[in-house]
Amino acid sequence: QAGKAFRKFLPLFDRVLVERCAAETVTKGGIMIPEKSQGKVLQATVVAVGSGARGKNGEIQPVSVKVGEKVLLPEYGGTKIVLEDKDYYLFRDGDILGKYLD
């Protein structure tokens, strides 16, 4: 899905590039939700990860998420990046709140 876009961008250190999931526009009952009433989407899919951060002793500590995993993001934060007309967000590994297990 995001294959070509993130090949041109590789996050550095402990940064993670994510693509937010689409906002719900219809309730389970079939009622349309207007844009202003839609909540901020906090779920995202990891698209690319950096190599990891350097610890105090110089060792590289790997990032805790992998490409393709679904994660929970904080309500605020992250840096918006536009790659080939799609919006992606860059977060530090420590800013990600958790990941969903399948």
* Asked: Can you tell which of V46, V41, V65 is open to solvent by less than 100 Å² (accessible area, probe 1.4 Å), at pLDDT 85 or above, β-branched (V, I, T) and in contact with a Lys or Arg (Cβ under 6 Å, 6 or more places away or on another chain)?
  -> V65
* Structure fact -> Taking the stretch 72-93 and keeping only residues that are exposed (fewer than 12 other Cβ atoms within 10 Å of the Cβ), within 12 Å of V18 (Cα to Cα) and of a type outside the set (V, I, T), one is left with K80, D87
* Residue list for the stretch 7-38, restricted to those being within 22 Å of L72 (Cα to Cα), modelled with pLDDT under 80, loosely packed, with under 11 Cβ neighbours inside 10 Å and within 17 Å of the chain's Cα centre (by Cα) -> A22
* Starting from the stretch 57-78, keep only residues that are farther than 7 Å from V46 by Cβ and in contact (Cβ under 8 Å) with a residue 40 or more places away in the chain, then list their pairs with residues that are open to solvent by less than 80 Å² (accessible area, probe 1.4 Å) and assigned to a loop (DSSP other than H, G, I, E, B) whose Cβ atoms are within a distance under 7 Å, requiring at least 6 positions of separation or different chains. => Q61/G52; Q61/G55; V63/D14; V63/G50; V63/G52; L73/L42; L73/I96
* **Pairs with Cβ under 6 Å, 6+ apart, first in the stretch 79-102 and within 15 Å of L12 (Cα to Cα) and of a type outside the set (D, E), second open to solvent by 100 Å² or more (accessible area, probe 1.4 Å) and assigned to a strand (DSSP E or B)** => Y89/K80
* Quick one: Y88 ticks every box in (1) assigned to a loop (DSSP other than H, G, I, E, B); (2) touching a helix residue (DSSP H, G or I) at 6+ places or on another chain (Cβ under 8 Å) except a single one, so which number is it? => (1)
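The values are calculated or read from the model by the stated rules, or taken from the named source; none is laboratory data. For clarity, every value in this text was computed on a predicted model and none was experimentally measured. When we count neighbours, we look across all protein chains shown, and the Cβ atoms used for this are built from the backbone with ideal geometry, even at glycine. Heavy atoms of the whole protein, side chains included, go into the accessibility calculation; ligands, DNA and RNA do not. Shrake-Rupley method; radii C 1.70, N 1.55, O 1.52, S 1.80 Å.
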